[in-house]
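Remarks on the structure that follows.
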Amino acid sequence: MFISVFDIFKLGIGPSSSHTMGPMVAAARFLDALRHNERIPGAGDMAGVSVSLHGSLAWTGKGHHTDRAVILGLLGELPETMDPERGDALIAKLKASGRLDPEGLPPLAFNPETDLHFDFGPPLEQHANGMVFRAVDGAGNPYLTISYFSVGGGFVVTEAELTAEQGTSLSDQKRALGYPYPFGSAEQMLAMGKRAGLTIAQMKRANEEAHGEDGLDAGLDGLADAMMDCIDRGFTQEGTLPGGLNVKRRAKKLHDDLTAQRYSNRNAPHVVNDWISAYAMAVNEENAAGGRVVTSPTNGAAGTLPAVLRYWRDHMADEVTDEKRRDFLLTAAAIGGLIKANASISGAEVGCQGEVGSAAAMAAAGLCAALGGANEQVENAAEIALEHHLGMTCDPAKGLVQVPCIERNAMGAIKAVSAASLALRSDGEHILPLDNCIRVMLQTGRDMDSRYKETSQGGIAVNLPEC
């Protein structure tokens with residue numbers, strides 16, 4: 001699978017790419033399988049559907065709105081086009097009828113109260129985010145059963161697809177498909193760039209164009225605009241976030257204070273960190289409220305990279321061009337693709353080091369490239385940012401993408417800017433290569449207790465006072 005810039009960055013709805021967007025996409029894929037007349041031999045006509053959620057999807061599914069996402073996906077909604085304001089009405093209509101009316105299929109019985117099951121037993125063997133979709137015929141006999149796995153960032157795979165990806169390296173996949181720069185590791189990326197005399201962004205662009213991405217620049221500009229629009233929306237909203245933690249939105253007040261220069265030490269250099277934090281928090285408050293965000297590379301980490309992009313745009317105005325902004329995103333996507341292919345961006349699989357850690361690495365690389373860093377400095381920036389997130393757990397209180405997630409994005413953005421700055425002040429030589437750092441992240445995630453991997457059974461999630 002070629003990991004495009006539009007795979008790493010995609011429009012969706014909050015609060016989670018793996019627990020909200022992924023299950024919605026899985027539901028849509030299951031309906032497509034039914035439309036293609038896939039069935040168990042001997043089954044009668046399809047008559048009903050049921051779904052079971054496993055592992056982290058069960059443990060934190062309510063907080064992440066996984067049940068709503070599955071229902072809306074079965075109703076034909078997709079993350080990139082759904083209007084979040086319509087969700088409640090669609091679900092209420094389904095509960096009243098107990099019937100799905102998918103386009104191109106006969107009516108299917110589905111009662112969310114009895115046909116959507118949270119399984120709190122052992123997770124499915126293949127991945128912590130597993131779900132099983134089942135269709136039955138009129139007699140209740142199996143018609144079709146498919147297991148899907150939401151592997152982070154809105155990516156959804158079947159068991160066969162997951163096995164195929166794990167058995168083939170990213171460079172082999174790219175080479176087989178004829179991409180001009182089939183790097184599957186940072187080492188290969190640097191070597192190819194040196195031989196060709198190209199930047200990481202230029203190689204990523206060539207691969208995207210070979211992949212057949214029409215309107216690449218327009219697509220990149222659209223992503224950047226969507227990120228900035230999300231920040232701007234976040235700066236207009238007040239009140240308490242949904243879910244029961246009673247977390248108050250803070251981005252608007254922080255932005256208003258900074259704009260009005262209410263701080264007596266407003267000229268102190270560290271105040272720029274407050275701006276970066278405001279940008280990140282605006283996005284993640286929108287995400288927590290179920291609003292529209294761009295996976296960067298996940299929803300839970302959606303604020304880190306846009307905050308750094310906004311910081312570059314608004315605080316380095318003399319250096320901003322459309323070309324550099326596109327290079328920022330292309331470079332960040334190249335790094336994100338390496339991390340996803342060689343480790344994970346799923347909090348349920350490796351903890352938040354795979355989410356905010358990956359986002360910080362991508363943002364650091366993008367900023368370094370936009371500021372004119374050489375390929376070696378870009379790789380160094382990504383490594384510094386990722387290295388200093390190693391071991392970070394995913395422990396959302398009440399399964400909500402709020403505490404500690406919102407502030408964690410702000411800190412990740414600040415680390416990303418610092419990492420890019422450090423790398424630019426060096427020659428790119430460093431002790432720990434990015435490839436090794438990615439490998440450490442994966443190993444650490446595998447060794448991490450499941451209580452600290454998006455199950456809300458450990459860490460901060462179980463150490464808050466009762467409200």
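The values are calculated or read from the model by the stated rules, or taken from the named source; none is laboratory data. Computed from a predicted structure; not experimentally measured. No Cβ is skipped: glycine too gets one built from the backbone with ideal geometry, and neighbour counts run over all protein chains shown.
Within the bounds of region 312-327, is there any residue that is in the same structural domain as ASN436 (by TED's automatic domain parsing) and under 19 Å from the mean Cα position of the chain (by Cα)? No, that holds for no residue.
Scan region 194-213 and give yes if some residue there is part of a loop (DSSP other than H, G, I, E, B), of a type in the set (S, T, N, Q) and within 25 Å of GLY184 (Cα to Cα), otherwise no.
The answer is yes; a qualifying residue exists.
Whether any residue in region 407-422 is crowded, with 17+ Cβ neighbours inside 10 Å, over 17 Å from the mean Cα position of the chain (by Cα), closer than 26 Å to GLN126 by Cα and of a type outside the set (A, V, I, L, M) is what I want to check. No, every residue in region 407-422 fails to be crowded, with 17+ Cβ neighbours inside 10 Å, over 17 Å from the mean Cα position of the chain (by Cα), closer than 26 Å to GLN126 by Cα and of a type outside the set (A, V, I, L, M). Residues of region 25-57 that are within 25 Å of GLN457 (Cβ to Cβ) and touching a Pro at 6+ places or on another chain (Cβ under 9 Å): VAL51, LEU53, HIS54, GLY55, SER56, LEU57. Looking only at residues of region 123-155 that are of a type in the set (Ser, Thr, Tyr) and under 14 Å from GLY22 (Cβ atoms), we find that the one that is surrounded by the most Cβ atoms within 10 Å (Cβ to Cβ) is SER150.
Answer yes or no as to whether ASP217 is in a helix (DSSP H, G or I), modelled with pLDDT of 95 or more and of a type in the set (Asp, Glu). When the stated conditions are applied, ASP217 passes them.
When region 271-293 is examined, which residues are found to be under 14 Å from the mean Cα position of the chain (by Cα) and buried (at least 24 other Cβ atoms within 10 Å of the Cβ)? Listed by number, the residues that qualify are VAL283, ASN284, ASN287, ALA288, VAL293. Just one of the listed residues (SER171, SER150, SER185) is in contact with a strand residue (DSSP E or B) (Cβ under 9 Å, 6 or more places away or on another chain) and of a type in the set (S, T, N, Q), namely SER150.
Within region 141-153, residues that are on the phi > 0 side of the Ramachandran plot and in the same structural domain as THR66 (by TED's automatic domain parsing) sit with their Cβ atoms under 9 Å from residues that are of a type in the set (Asp, Glu) and at pLDDT 95 or above, at 6+ positions apart or across chains, in these pairs: GLY152/GLU349; GLY152/GLU355; GLY153/ASP7; GLY153/GLU355.
I want to confirm something. Restricting to region 175-193 and keeping residues that are assigned to a loop (DSSP other than H, G, I, E, B) and modelled with pLDDT under 95, which single residue is surrounded by the fewest Cβ atoms within 10 Å (Cβ to Cβ)? In this case the residue turns out to be GLY178.
Within the set LEU432, LEU464, the sole residue that is part of a loop (DSSP other than H, G, I, E, B), farther than 24 Å from THR20 by Cα and touching a residue at least 60 places away in the same chain (Cβ under 8 Å) turns out to be LEU464. Looking only at region 233-258, which residues are loosely packed, with under 14 Cβ neighbours inside 10 Å and of a type outside the set (Lys, Arg)? Hits for region 233-258 are THR236, GLU238, GLY239, THR240, GLY244, ASN246, ASP256.
How many residues are assigned to a loop (DSSP other than H, G, I, E, B) and closer than 22 Å to LEU241 by Cα when one looks only at region 65-79? Counting residues in region 65-79 that are assigned to a loop (DSSP other than H, G, I, E, B) and closer than 22 Å to LEU241 by Cα gives 2. Candidates are the residues of region 90-122 that are in contact with a Lys or Arg (Cβ under 9 Å, 6 or more places away or on another chain) and part of a loop (DSSP other than H, G, I, E, B); the one that is surrounded by the fewest Cβ atoms within 10 Å (Cβ to Cβ) is GLU103. Scanning region 233-258 for residues that are in contact (Cβ under 8 Å) with a residue 24 or more places away in the chain, assigned to a helix (DSSP H, G or I) and more than 10 Å from MET281 (Cβ to Cβ) returns a single hit, ARG233. Restricting GLY428, GLY373 to residues that are within 17 Å of MET189 (Cβ to Cβ) and either outside the structural domain of THR321 (by TED's automatic domain parsing) or modelled with pLDDT under 95 (or both) narrows the list to GLY428. Looking at (1) farther than 23 Å from ALA413 by Cβ; (2) surrounded by fewer than 18 Cβ atoms within 10 Å (Cβ to Cβ); (3) at pLDDT 95 or above; (4) not charged (D, E, K, R), which is the only condition ALA210 fails? So the condition that ALA210 fails would be (3).
Residues that are over 23 Å from GLY300 (Cα atoms), touching a residue at least 60 places away in the same chain (Cβ under 8 Å), in contact with a Lys or Arg (Cβ under 6 Å, 6 or more places away or on another chain) and surrounded by fewer than 23 Cβ atoms within 10 Å (Cβ to Cβ): does region 15-36 have at least one? No - not one qualifying residue is present in region 15-36. Criterion first (among the polar types (S, T, N, Q), more than 22 Å from LYS248 (Cα to Cα), touching a residue at least 60 places away in the same chain (Cβ under 8 Å) and surrounded by 24 or more Cβ atoms within 10 Å (Cβ to Cβ)) does THR304 satisfy it? When the stated conditions are applied, THR304 does not pass them. Among residues of region 312-324 that are closer than 12 Å to ALA369 by Cβ, those with a Cβ under 7 angstrom from a residue that is part of a helix (DSSP H, G or I) and of a type in the set (Gly, Ala, Ser), sequence gap 6+ or separate chain, pair up as TRP312/ALA370; LYS324/ALA370.
Number of residues in region 6-27 that are assigned to a helix (DSSP H, G or I) and either over 20 Å from VAL403 (Cα atoms) or of a type in the set (A, V, I, L, M) (or both) equals 10. Every condition in (1) among the hydrophobic types (A, V, I, L, M, F, W, C); (2) within 25 Å of ALA218 (Cβ to Cβ); (3) crowded, with 24+ Cβ neighbours inside 10 Å holds for VAL350 except the one numbered (2).
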